[in-house]
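First up is the structure itself, then whatever we jot down about it.
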Amino acid sequence: MATDYAPKDLPSHLRLYIGGEWVDATGGATFDVLEPVSNETYITAASATPEDVNKAVAAAKKAFDEGPWPRMLPRERSRILHKIADILESRDARLAEIESYDSGLPITQALGQARRAAENFRFFADLIVSQHDNAFKVPGRQMNYVNRKPIGVAGLITPWNVPFMQESWKLGPAMATGNTVVLKPASYTPLSAALWPEIFEEAGVPAGVFNLIFGSGGVAGDALVKHPDVPLISFTGDSSTGATLSTNAAPFLKSLSLELGGKSPAIVFADADLEAALDATVFGVFSLNGERCTAGSRVLVQREIYDDFIEKFAERAKNIVVGLPTDPKSEVSALVHPNHFDKVMSYVEIGKGEGRLLAGGGRPEGFPTGNFVAPTVFVDVKSDARIFQEEIFGPVVAITPFDTDEEALELANDTRYGLAAYVWTTNLKRAHNFAQAIESGMVWLNSNNVRDLRTPFGGVKASGLGREGGYRSIDFYTTQQSVQITLEESHSPRFGVGGATPGKH
Ligand code: NAP
């Protein structure tokens, strides 16, 4: 049942979208979707069976094998993608309210993510028309060139944090390059994904190019990963799920892109611009409710400034406005689901035995129900603490002091993860050397997480495999066939004419 702060005109049931048709799951199974403030079921969604996955893959394969999409000129596809971006921009407010209601993201931040979704489509629309490939000539003898081709049906599996934006991050390049897709969004947050079909139809995407299945990861997601007609899987989610997927995809020798968890360090040296570092580190861990893969959830602070920094940090955390997702003043709001709330709260309790609590530590005042967690700050956290090592994925930070550059580096690298890192120092040499030595896929120097879509995105260690972003996304979603042509008479060693003769190769 929808609450009084629900967006208008919500559907009561979400269906699958296969081959351009809205359909229920075979057998009619559904699952409940909760809204994170009341934790009441407000909608049901069709729960795809392996048979439904087969149908979605068959529709996508037909559109790939027989339809116009992979055969269009890049400019034609680009026009459609720009249209998608235009539609997304024109509906950003609606998208944001839907996303915010379903996921608990504060409305202002959901709006930013809706605009980023549009930008993801615009970016890849531009990239495919400027795409060029290698050609190599051996003068007078041979010409070699690269044929870049879409691969087929791409399986896209996405998480519940900033769901619509994450979906666009995969849909943009997968579709731009001429593949057809089956998207399986996270079960906690299916609502915004149900907006895609109408947007794509309006923009002129042919039926069958985009297919949407809802349902449990272990059933629908698993069937997609193991489907022999799905040669590539792009997955974003938890590291342990990534490992399972990797095992399941291995017998099929599929291309895999895995964007996984993180426990990213933000390292603040005494010579840093401390006000800027404070702004960025507070934002880095508490924005998007702390449900952010690149959150700077471990803050390492040089001893000289430690006491002063943690005091200011805790003060900021206490002043953060926690409120309803719909309230434009809210900076932190409800976590996505009661199960996730329980997980984050259990870490808050663990943290009380592992560090010194300076802010938060439970529910915020005024929110006795719903998935609200007060922005929580633990200081003096040792590197073997669970709250230092494990991804909490909520508004909880572990702060640790260090003395030397060597110690800071050791602490920064002392986890199984390696997604992002943030370094705050005015020493240019130190900044670059630190970036080089840190074990992470991405480093921001004197900056919070500002993305340039041309740069590679991804992690090392348990944070992922492969890179997307810019032309790396194009590389993942296409195959590169090399073609060789001789420019002279063909000279081959002449076998079968009585003894070996020298020949050109
Ligand atoms: P998750 O539990 O791993 O789920 C991600 C997706 O995988 C969901 O759609 C899920 O379906 C599906 N799934 C689960 N088991 C599966 C299986 N055996 N086969 C196929 N699909 C399966 O992750 P989450 O809790 O939604 O997301 C949070 C995690 O994502 C965090 O660890 C976060 O750091 C990570 N993340 C990483 C990045 C990055 O770019 N590196 C970005 C955002 C988030 P159900 O929803 O039905 O379970």
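Only residues that are within 9 Å of the ligand (Cβ to nearest atom) and either open to solvent by 10 Å² or more (accessible area, probe 1.4 Å) or part of a helix (DSSP H, G or I) (or both) were counted across the stretch 206-221, and they come to 6. Filtering Leu81, Leu105, Leu95, Leu88 for residues that are outside the structural domain of Pro185 (by TED's automatic domain parsing), buried (at least 16 other Cβ atoms within 10 Å of the Cβ) and more than 19 Å from Leu171 (Cα to Cα) leaves a single hit, Leu105.
Suppose we keep only residues that are touching a residue at least 60 places away in the same chain (Cβ under 8 Å) and aliphatic (A, V, I, L, M) within the stretch 275-294. Which one would you say is nearest to the ligand (Cβ to nearest atom)?
Taking the candidates together, the pick is Leu288.
All of (1) open to solvent by 50 Å² or more (accessible area, probe 1.4 Å); (2) over 22 Å from Glu201 (Cα atoms) hold for Lys61 with one exception: (2).
Among the residues of this structure, Leu224 does not count as one that is near the ligand (Cβ under 9 Å from one of its atoms) and in contact with an Asp or Glu (Cβ under 9 Å, 6 or more places away or on another chain).
Let me confirm something: among Leu245, Leu258, which residue is assigned to a helix (DSSP H, G or I), over 27 Å from Val377 (Cα atoms), in contact (Cβ under 8 Å) with a residue 40 or more places away in the chain and near the ligand (Cβ under 10 Å from one of its atoms)?
Residue meeting the stated conditions: Leu245.
Do we have any residue at all in the stretch 389-410 that's more than 16 Å from the chain's Cα centre (by Cα), of a type in the set (A, V, I, L, M, F, W, C), part of a loop (DSSP other than H, G, I, E, B) and farther than 30 Å from Pro231 by Cβ? Yes, the stretch 389-410 has at least one match.
Run Phe124 past the list (1) under 18 Å from Asp452 (Cα atoms); (2) over 15 Å from the mean Cα position of the chain (by Cα); (3) free of Cβ contacts under 8 Å to residues at least 60 places away in the same chain and report the number of the one that doesn't hold. Status for Phe124: all satisfied but (3). Taking the conditions (1) within 16 Å of the ligand (Cβ to nearest atom); (2) in a strand (DSSP E or B); (3) surrounded by fewer than 24 Cβ atoms within 10 Å (Cβ to Cβ) in turn, Ser187 satisfies each one other than (2). Screening Glu439 with (1) without any contact (Cβ under 8 Å) to a residue 60 or more places away in the chain; (2) open to solvent by 50 Å² or more (accessible area, probe 1.4 Å); (3) more than 18 Å from Ser239 (Cα to Cα) gives one miss only, at (3).
What number of residues in the stretch 131-165 are outside any loop (DSSP other than H, G, I, E, B), closer than 22 Å to Gly204 by Cα and open to solvent by 10 Å² or more (accessible area, probe 1.4 Å)? Within the stretch 131-165, residues that are outside any loop (DSSP other than H, G, I, E, B), closer than 22 Å to Gly204 by Cα and open to solvent by 10 Å² or more (accessible area, probe 1.4 Å) number 3. Looking at Gln480, is it loosely packed, with under 13 Cβ neighbours inside 10 Å and out of contact with any Lys or Arg (no Cβ under 6 Å at 6 or more places or on another chain)? So Gln480 does not fit the description; no. Evaluation of Val230 against the conditions (1) buried (at least 20 other Cβ atoms within 10 Å of the Cβ); (2) within 29 Å of Lys55 (Cα to Cα); (3) away from the ligand (no atom under 16 Å from the Cβ) shows that the sole unmet condition is (3). Taken together, the residues in the stretch 364-388 that are among the small types (Gly, Ala, Ser) and either under 16 Å from Phe341 (Cα atoms) or outside any loop (DSSP other than H, G, I, E, B) (or both) amount to 2. Here Ala374 qualifies as more than 16 Å from the ligand (Cβ to nearest atom), open to solvent by 10 Å² or more (accessible area, probe 1.4 Å) and in contact with a Gly (Cβ under 6 Å, 6 or more places away or on another chain).
Looking across the stretch 233-242 at every residue that is over 17 Å from Ile474 (Cα atoms) and over 13 Å from the mean Cα position of the chain (by Cα), the one that is nearest to the ligand (Cβ to nearest atom) is identified as Thr241.
Within the stretch 321-338, is even one residue part of a helix (DSSP H, G or I), in the same structural domain as Phe367 (by TED's automatic domain parsing) and within 24 Å of Pro7 (Cα to Cα)? Write out each step before concluding.
Start the filter on the stretch 321-338 by keeping residues that are part of a helix (DSSP H, G or I), which leaves 338.
Those left that are additionally in the same structural domain as Phe367 (by TED's automatic domain parsing): 338.
Those left that are additionally within 24 Å of Pro7 (Cα to Cα): 338.
The answer is yes, given that some residue of the stretch 321-338 is part of a helix (DSSP H, G or I), in the same structural domain as Phe367 (by TED's automatic domain parsing) and within 24 Å of Pro7 (Cα to Cα).
Applying the criterion of being outside any helix (DSSP H, G or I) and β-branched (Val, Ile, Thr) to the residues of the stretch 453-492, the residue that is nearest to Val153 (Cα to Cα) is Thr478. In the stretch 229-241, the residues that are assigned by TED's automatic domain parsing to the domain that holds Arg416 and under 15 Å from Ser216 (Cα atoms) never reach a residue that is near the ligand (Cβ under 6 Å from one of its atoms) and open to solvent by 10 Å² or more (accessible area, probe 1.4 Å) with C-beta atoms less than 6 angstrom apart, at least six apart or across chains.
The values are calculated or read from the model by the stated rules, or taken from the named source; none is laboratory data. Bear in mind the structure is a predicted one, so any value in this text is a computation, not a measurement. A quick note on method: Cβ atoms are made from the backbone with ideal geometry, for glycine too, and the neighbour counts reach across all protein chains shown. When the accessible area is computed, the model is the full protein with side chains, heavy atoms only, and any ligands, DNA or RNA have been set aside. Shrake-Rupley method; radii C 1.70, N 1.55, O 1.52, S 1.80 Å.
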